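So the structure is just underneath, and the comments pick up after that.
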Amino acid sequence: MPRVKRGTQHTKRRRNLLKKTKGMMWGRKSKIKLARTAALKSGKNAYVGRKRKKREMRRLWTVRINAGVRPSGLSYSRFIAALKDAGIILDRKVLSFLAKDEPAVFEATLRAVAGRNVVR
């Protein structure tokens with residue numbers, strides 16, 4: 001059986017690893033051992049960051065909706081409950097956009113909810 005030399009695969013794996021860590025500082029961009037650790041950690045942080053981004057956006061939407069309903073004397077939780085009772089199916093992302101960029105439409109939504117005697 002002939003001898004198999006794996007130099008090309010070995011080099012290719014290292015080259016791809018160094019491509020992932022390109023732009024990092026100090027030895028993480030050039031030393032294989034440090035680059036491997038940095039690549040693993042950056043991948044983990046990217047995964048966590050994608051989840052955190054969703055969480056933070058939902059918090060922002062909640063704050064915007066709350067700021068939009070407070071002038072009419074309504075709280076966020078009562079507003080969301082009233083929307084569900086009224087059968088208005090709008091998610092928080094859309095409501096946030098309306099409260100921020102389309103106040104007239106958001107007011108119409110508030111009036112639709114206010115017609116159900118929820119606003120105090």
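Bear in mind these aren't lab numbers, they're just calculated from the coordinates by the rules spelled out. Predicted model only: the values in this text are computed from it and were never measured. Here the Cβ is made from the backbone with ideal geometry for all residues, glycine too, and neighbour counts use every protein chain on show.
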Subject >> Failed item in (1) assigned to a helix (DSSP H, G or I); (2) on the phi > 0 side of the Ramachandran plot, with T8 passing the rest >> reply: (2)
Original post:
Taking R6 and the conditions (1) farther than 30 Å from A104 by Cα; (2) of a type in the set (D, E, K, R); (3) exposed (fewer than 11 other Cβ atoms within 10 Å of the Cβ); (4) within 17 Å of the chain's Cα centre (by Cα), which numbered condition does it fall short on, given that it satisfies the others?
Top reply: (4)
**OP:** Within region 83-105, identify whether any single residue is in contact (Cβ under 8 Å) with a residue 24 or more places away in the chain and either in contact with a Gly (Cβ under 7 Å, 6 or more places away or on another chain) or within 30 Å of H10 (Cβ to Cβ) (or both), and answer yes or no.
**Re:** yes
Original post:
Just wondering, is there one or more residues in region 47-54 that are surrounded by 13 or more Cβ atoms within 10 Å (Cβ to Cβ), among the aromatic types (F, W, Y) and part of a helix (DSSP H, G or I)?
Top reply: no
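Name the residue that is nearest to the chain's Cα centre (by Cα), counting only residues in region 55-88 that are aliphatic (A, V, I, L, M) and part of a loop (DSSP other than H, G, I, E, B). Steps first, please.
Taking region 55-88 and keeping what is aliphatic (A, V, I, L, M), we get 57, 60, 63, 65, 67, 69, 74, 80-83, 86, 88.
Still in the list and also part of a loop (DSSP other than H, G, I, E, B): 74, 88.
Working: L74: 27, I88: 25 Å.
If we take residues in region 55-88 being aliphatic (A, V, I, L, M) and part of a loop (DSSP other than H, G, I, E, B), then I88 is nearest to the chain's Cα centre (by Cα).
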**OP:** For region 25-82, enumerate the residues that are among the small types (G, A, S) and at positive phi.
**Re:** G73
**OP:** Consider S42 carefully, then state whether it is within 30 Å of N16 (Cα to Cα), part of a helix (DSSP H, G or I) and hydroxyl-bearing (S, T, Y).
**Re:** yes
